[in-house]
Amino acid sequence: MFKAIPRAPLLLGLAGLLPFFWGLATYMHQPLGEWALLTLGGRFTAPFVQLSYGTVILSFMSGVLWGFATKDTDWTGYALSTIPALWAFFMVGGGPASAALNLCIGFIGLLLLDLHFWQRRATPPWWMSLRLLLTGLVVLSLLPLAFG
């Protein structure tokens, strides 16, 4: 199951984690959070940066899954590919803790959808190696906010 991940998707995927970990850092380290708030504004500090970026990424991944669905003749792939975006739209709201928890659930659900498309050979062979790594790190970055 675990295949070597090509360098470009690995590096870009890891770079895509930066907003999650920046948000985590501003949440966990109060002086950094205060500096970021005063210097960069609230949009670039926890919880906003993690929640807004997480919503964008979950929706983006719906588009990736839609692309995988084009490799199959079964209509269910298209229907399944819309779930992460709909989840983000309907479930990521309310307070920061519930929004972060719902993002965690959304990313874990996305991982299950990734597995579905991977099993149907609609993804590159290394896809699950990348998705397991990135999903694990995203969820770890959101858990302190969810259970703060």
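The values are calculated or read from the model by the stated rules, or taken from the named source; none is laboratory data. Here the structure is a predicted model, which is why all the values come from computation and not from measurement. All Cβ positions, even for glycine, are placed from backbone atoms using ideal geometry, and neighbour counts span all protein chains on display. All accessible areas refer to the heavy atoms of the entire protein, side chains included, with ligands and DNA or RNA removed. Shrake-Rupley method; radii C 1.70, N 1.55, O 1.52, S 1.80 Å.
Per residue, how large is the accessible surface of the chain? Use a 1.4 angstrom probe and give square angstrom.
Counting only protein heavy atoms, the per-residue value for the chain is 55 Å².
To two decimal places, what compactness ratio does region 71-141 give when its Cα radius of gyration is scaled by 2.2 N^0.38 Å?
Rounded to two decimals, the normalised Rg is 1.20.
To one decimal place, what Kirkwood hydrodynamic radius in Å is obtained for the chain from all pairs of distinct Cα atoms?
For the chain, the Kirkwood estimate is 15.9 Å.
Compute the acute angle (0 to 90°) between the alpha-carbon long axis of helix 18-28 and the principal axis of greatest extent of the alpha-carbon atoms of the chain; round to the nearest 10°.
40 degrees
Counting other Cβ atoms within 10 Å, keep those with at most 14, restrict to DSSP loop, and tell me which chymotrypsin sites (Phe, Trp or Tyr not before Pro) in region 71-147 are left.
The qualifying sites are TRP75.
Enumerate the residues in region 1-38 having an amide nitrogen under 19 Å from the point lying 7 Å beyond the Cα of LEU132 toward its Cβ.
Only 1-7, 9-11, 13-14 fall inside the zone, counting backbone N under 19 Å.
Place +1 on the Cβ of every Lys and Arg and -1 on the Cβ of every Asp and Glu in the chain, take the dipole about the Cα centre, and give the residue among PRO84, ALA8, PHE107 whose Cα lies farthest towards its positive end.
Result: ALA8.
Work the Kirkwood hydrodynamic radius out for region 1-62: mean of 1/r over every pair of different alpha-carbon atoms, inverted, in Å.
Its Kirkwood hydrodynamic radius stands at 12.8 Å.
Using the charge dipole of the chain (Lys, Arg: +1 at Cβ; Asp, Glu: -1 at Cβ; taken about the Cα centre), state which of LEU142, TRP127, ALA25 has its Cα farthest towards the positive end.
TRP127
Percent of accessible area on the chain owned by carbon and sulfur, 1.4 Å probe?
73 percent
How much mean residue ellipticity at 222 nm does the chain get from its helices, if each DSSP H run of length 4 or more adds -39500 (n - 2.57) and you divide by all residues, to the nearest 500 deg cm²/dmol?
Roughly -24500 deg cm²/dmol at 222 nm, from the helical runs in the chain.
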